[in-house]
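One structure follows; several queries about it will come next.
The values are calculated or read from the model by the stated rules, or taken from the named source; none is laboratory data. This one's a predicted model, so the numbers in the text were calculated from it and none came from an experiment. Please note: Cβ atoms are built from the backbone with ideal geometry, for glycine as well, and neighbour counts cover all protein chains shown.
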Amino acid sequence: MTSLTPYLGEFAAGARLTALACALALVGSLALGVVVALMRTSTMPLARRVADIYVDIFRNVPFIVQLFFLFYGLPEIGPELSPFNTGVLALALAGGAFTSDVIRSGILALEPGVLEAAQVSGLSRITIYRRIVLPIALRTSIRPLGSVFVNLILTSSILSAITINELTGVAKIVASDTFQPFEVYGLLLVAYFAMTTLVSLGAGVLHRRLNRHLHGGAA
Amino acid sequence: MRYSGFTYNDLLVLLQGLGVSVALFAATTVIGLALGLAWATLRYYRTPVLAPLAAALAELLKNSPVLVQLFLVFFGLPVLLGTDLTPVEAALITLSGNTAAFVYVIAVSAIESVGRDQIETARVFGLTRWQTLRRVVAPQAAAFGFGPLTGLLINQLQVTSLISVIGVTDLTKVGAILNVRTLEPFIVWAVIGVLYYLMARLIARVCARAELRLRAHSQWKGF
Amino acid sequence: MIQIDGVAKRFGSNTVLNGIDLRIAPGEVVSILGASGSGKSTLIRCLNGLEQLDAGSISVDGHRIDEPKGLQAARRSCGTVFQLFNLYPHMTALQNVTLAPIEVLKVPRPQAEQEARALLASVGLGARADAYPAQLSGGQRQRVGICRALAMKPRYLLLDEVTSALDPEMTAEVLDILAKLAATGTTMLFVTHEIEFARQISSRIVFLEQGRLLADMPTAQFFAQDGALAQPRIAQFLSKMSK
């Protein structure tokens with residue numbers, strides 16, 4: 001085990017890359033997820049159709065296939081993205097599909113009466129979405145969004161397949177260098193487990209904080 | 001390597017890859033279901049040491065990347081055990097275990113959804129734990145668990161694509177081969193994607209039909 | 001003037017409103033009575049545009065609500081208080097009251113908050129302005145709902161069974177406030193089960209039965225022996241309600 005300590009620096013670099021990729025992908029997923037969720041709950045049939053197709057595709061095709069499609073296919077039609085950027089894009093696109101599911105559920109769970117009260121006070125649609133629908137939907141979605149983030153972190157390990165040296169990529173190199181695959185991958189497993197547990201716990205804390213006013217004893 | 005266009009041989013290779021993916025998916029699903037249900041039964045019986053251990057193991061498998069699990073089994077186990085492992089064997093072991101962990105969690109949750117009073121009533125009537133499980137809990141739990149199970153199966157189908165990384169010639173690996181040879185990534189990966197998509201839809205449809213059958217059996221038919 | 005002409009509303013095969021003609025002039029306090037399912041709440045919901053009409057028209061101060069601009073203007077003139085309060089759960093009482101004035105009327109925040117605090121104080125919730133709905137009792141929530149409607153300075157106040165979800169004690173609190181409001185000359189349209197309350201504060205009673213207007217007359221006349229009570233259906237209803 002101690003023979004792995006010289007590699008600590010590289011592992012740290014890999015972990016940083018994983019964290020960066022996941023953080024960026026999370027932001028992308030959230031933005032995309034909100035837009036798609038709004039499209040899926042909109043009254044325009046075209047918007048709903050397009051959004052439904054997007055979610056359908058990204059939920060039923062393996063991530064690695066999506067990744068290869070972007071990595072090998074994108075350069076053909078134009079943008080030459082670095083492997084890292086391609087990876088983040090792929091993660092964000094896939095994450096967006098799952099995030100939209102969560103946010104859509106949050107929007108649909110809104111009490112219709114609250115929406116009606118907002119409508120009859122003359123608030124514009126945009127204001128209603130901005131001040132009422134989304135703030136409530138997001139608050140109730142924190143835990144499931146945490147699950148999506150966990151999923152992102154686990155999926156990010158697949159980025160090692162397109163030469164990105166995030167955590168798993170680094171581990172592959174170290175494992176073959178040290179001829180200790182069992183220890184290395186075993187530790188890696190535990191490391192991911194620790195990361196995802198932290199995220200889940202964090203989501204729980206955030207959920208409680210943001211929702212503390214929504215449930216309480218009556219005066 | 002010569003770069004060539006698509007040939008009819010490619011279709012065969014594609015089908016072969018598809019076959020490998022399907023076979024592995026089917027096998028690991030069956031084994032995973034059996035293992036996972038056995039796991040959950042352990043928990044139902046509250047066996048002192050095994051149950052919490054099983055729960056911990058399930059958590060670990062659920063919350064770590066499948067790719068890393070594959071590497072651990074394929075690269076790590078041989079070094080530990082001294083035996084060699086073929087990619088297919090490693091894939092079988094890893095995916096079965098992974099599926100089992102998720103089945104375990106779904107089963108446990110489904111069993112918990114069956115009201116406490118159901119179990120108590122059964123015990124009061126003198127049914128043994130096994131009889132209670134079999135006659136009272138399991139049928140109702142199955143109804144609860146069906147939805148999550150369908151989602152799990154579709155997910156595990158996509159997970160099989162990762163076995164290409166450790167060298168199994170599944171559908172994804174065929175895609176990689178064709179991609180390199182024909183240099184038509186768009187077409188190749190689109191086709192691969194469509195095939196996976198169609199398989200996923202097929203599974204969804206089969207499960208929906210099975211669920212209807214299941215419900216039909218347990219419907220109250222009246223006097 | 002609220003003008004309701006020949007309004008009809010169907011839900012599937014169920015005709016809930018069957019040709020309603022009604023006028024509400026400024027300053028009137030009108031109570032709509034009737035059995036459950038008679039269409040009372042639906043009428044209010046048609047008024048503030050929450051339901052589409054199948055026939056007829058409604059206009060508020062000349063603005064027809066079947067036109068988008070008209071509906072907007074109508075909604076500005078009408079404040080609604082709901083049976084289930086419908087407060088924004090993620091906002092404090094104060095924020096609930098100030099949201100529409102700030103966003104729709106463009107009132108500057110400090111002024112909106114000042115007016116809101118005054119409103120809340122007038123209903124006895126001065127100290128609870130920064131509480132969240134989950135921390136308030138039913139009666140308190142409804143009082144916030146009333147303030148929220150009043151903050152827009154509406155010409156007409158629509159109240160849809162606003163005490164039906166409250167226990168007797170809280171009902172009394174809220175009715176008290178509504179009686180005071182009526183006395184100030186605010187135009188109010190009540191849908192209510194509280195017959196006694198309606199009798200005491202309304203200037204006019206409207207009785208709805210299976211989507212039709214059975215009676216529409218000043219209060220005193222309604223409760224007179226030869227008034228609406230002469231109609232057997234109404235007499236039956238009133239006797240049931242006062243048991």
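Is it the case that region C:128-137 has a residue that's in contact with a Ser or Thr (Cβ under 8 Å, 6 or more places away or on another chain), without any contact (Cβ under 8 Å) to a residue 12 or more places away in the chain and facing chain A (nearest Cβ under 9 Å)?
no
Just give me the residues in region B:60-113 being β-branched (Val, Ile, Thr) and closer than 26 Å to B:Val137 by Cα, in sequence order.
B:Thr99, B:Val103, B:Val105, B:Ile106, B:Val108, B:Ile111, listed by residue number.
Applying the selection to region A:63-117, what residues are in contact (Cβ under 8 Å) with a residue 40 or more places away in the chain and facing chain B (nearest Cβ under 10 Å)?
A:Phe63, A:Ile64, A:Leu67, A:Phe68, A:Phe71
Which of (1) touching a Phe, Trp or Tyr at 6+ places or on another chain (Cβ under 6 Å); (2) farther than 14 Å from B:Leu18 by Cα; (3) polar (S, T, N, Q) is the odd one out, the single condition B:Thr150 does not satisfy?
(1)
While we're looking at this one, here's another question. Which one of B:Val174, B:Val165, B:Val180 is touching a residue at least 12 places away in the same chain (Cβ under 8 Å), within 8 Å of another protein chain (Cβ to nearest Cβ) and outside any loop (DSSP other than H, G, I, E, B)?
Step by step, each of B:Val174, B:Val165, B:Val180 is checked, and only B:Val165 is touching a residue at least 12 places away in the same chain (Cβ under 8 Å), within 8 Å of another protein chain (Cβ to nearest Cβ) and outside any loop (DSSP other than H, G, I, E, B).
A further question follows. The conditions are (1) of a type outside the set (Phe, Trp, Tyr); (2) surrounded by 15 or more Cβ atoms within 10 Å (Cβ to Cβ); (3) away from every other protein chain (no Cβ under 12 Å); (4) more than 14 Å from the chain's Cα centre (by Cα), and B:Pro139 fails exactly one of them. Which is it?
Failing condition for B:Pro139: (2).
Return the residues of region B:61-76 that are within 7 Å of chain A (Cβ to nearest Cβ) and aliphatic (A, V, I, L, M); say none if nothing qualifies.
B:Leu67, B:Val68, B:Leu72
Please verify whether region C:72-89 includes one or more residues that are more than 12 Å from every other protein chain (Cβ to nearest Cβ) and either among the β-branched types (Val, Ile, Thr) or crowded, with 18+ Cβ neighbours inside 10 Å (or both).
no
Quick one: which of B:Ala27, B:Ala90 is among the small types (Gly, Ala, Ser) and more than 14 Å from chain A (Cβ to nearest Cβ)?
B:Ala27
Here's a check for you: in region A:118-141, which residue that is under 14 Å from A:Ile103 (Cβ atoms) and facing chain C (nearest Cβ under 7 Å) is surrounded by the most Cβ atoms within 10 Å (Cβ to Cβ)?
Of everything passing the filter in region A:118-141, A:Ile136 is surrounded by the most Cβ atoms within 10 Å (Cβ to Cβ).
One residue is enough: does region C:33-40 have a residue meeting the conditions among the hydroxyl-bearing types (Ser, Thr, Tyr), modelled with pLDDT under 90, under 22 Å from C:Met188 (Cβ atoms) and surrounded by fewer than 22 Cβ atoms within 10 Å (Cβ to Cβ)? Spell out the reasoning first.
Just the residues of region C:33-40 that are among the hydroxyl-bearing types (Ser, Thr, Tyr), to begin with: C:36, C:38.
Applying the additional criterion that residues be modelled with pLDDT under 90 yields C:36, C:38.
If we keep only those that are under 22 Å from C:Met188 (Cβ atoms) as well, we get C:36, C:38.
Going one step further and asking which of them are surrounded by fewer than 22 Cβ atoms within 10 Å (Cβ to Cβ), we end up with C:36.
For region C:33-40, residues among the hydroxyl-bearing types (Ser, Thr, Tyr), modelled with pLDDT under 90, under 22 Å from C:Met188 (Cβ atoms) and surrounded by fewer than 22 Cβ atoms within 10 Å (Cβ to Cβ): present.
Now a separate question. Output the residues belonging to region C:51-70 that are within 17 Å of the chain's Cα centre (by Cα) and crowded, with 19+ Cβ neighbours inside 10 Å.
C:Ile58, C:Val60
This table checks each residue for (1) free of Cβ contacts under 8 Å to residues at least 60 places away in the same chain; (2) in a helix (DSSP H, G or I); (3) acidic (Asp, Glu); (4) facing chain B (nearest Cβ under 8 Å).
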site	(1), (2), (3), (4)
A:Ile164	no, no, no, no
A:Ser176	yes, yes, no, no
A:Phe182	yes, yes, no, yes
A:Phe193	yes, yes, no, yes
A:Gly204	no, yes, no, no
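Would you mention how many residues in region B:63-111 are of a type in the set (Ser, Thr, Tyr) and touching a helix residue (DSSP H, G or I) at 6+ places or on another chain (Cβ under 6 Å)?
Of the residues in region B:63-111, 5 are of a type in the set (Ser, Thr, Tyr) and touching a helix residue (DSSP H, G or I) at 6+ places or on another chain (Cβ under 6 Å).
Something else: So for region C:219-238 (the condition being under 19 Å from C:Gly37 (Cβ atoms), aromatic (Phe, Trp, Tyr), over 20 Å from the mean Cα position of the chain (by Cα) and not in a loop (DSSP other than H, G, I, E, B)), does at least one residue qualify?
yes
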